[in-house]
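Inspection log for the structure reproduced underneath, given as structure tokens.
The values are calculated or read from the model by the stated rules, or taken from the named source; none is laboratory data. Quick caveat: nothing in here was measured; it's all calculated off a predicted structure. FYI the Cβ positions are ideal-geometry reconstructions off the backbone, even for glycines, and counts take in every protein chain you see. For accessibility, only protein heavy atoms count, side chains too; no ligands or nucleic acids. Shrake-Rupley method; radii C 1.70, N 1.55, O 1.52, S 1.80 Å.
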Amino acid sequence: MKSRGPARIAGAAAGLANGLFGGGGGMVFLPILSRFGKLDQRQLYATCVGVIFPVCLVSAAVYLLRGGVSLTAALPYLAGGLIGGWLGGKLYGKVPTKLLKWLFAAFLFYAGGKYLL
């Protein structure tokens with residue numbers, strides 16, 4: 001990416017999506033990084049996670065400060081999420097990229113369908 005303008009616009013769009021929907025910024029970053037980032041598939045996913053992490057921290061801090069977070073409801077999911085994140089990181093180089101693409105697409109379709117119903 002020669003100019004930093006598109007990266008900043010993409011970052012703003014991802015942050016906005018993350019703040020409005022409580023997530024989803026990675027879904028904005030992934031196609032943009034795929035097109036402009038010149039990264040291989042594995043670097044793409046890892047970079048997306050690395051970029052979205054601070055964006056999620058900012059959104060979570062704003063939600064927390066505004067009283068929108070139920071820590072008692074979040075803790076059981078956090079424990080499982082930490083274990084799943086660790087496991088996914090360990091499996092990172094072992095899962096074929098083609099399968100990762102299909103799993104990601106399937107997850108998006110499933111989540112979109114559940115959200116609409």
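Filter the stretch 34-71 for residues that are of a type in the set (Gly, Ala, Ser) and either open to solvent by less than 60 Å² (accessible area, probe 1.4 Å) or at pLDDT 85 or above (or both) and give the result.
37, 46, 50, 59, 60, 61, 67, 68, 70
Which condition number does residue 80 fail, the rest of (1) open to solvent by less than 100 Å² (accessible area, probe 1.4 Å); (2) more than 18 Å from the chain's Cα centre (by Cα) being met?
Result: residue 80 passes all but (2).
Quick one: residue 19 ticks every box in (1) closer than 24 Å to residue 97 by Cβ; (2) open to solvent by less than 50 Å² (accessible area, probe 1.4 Å) bar one, so which box is it?
(1)
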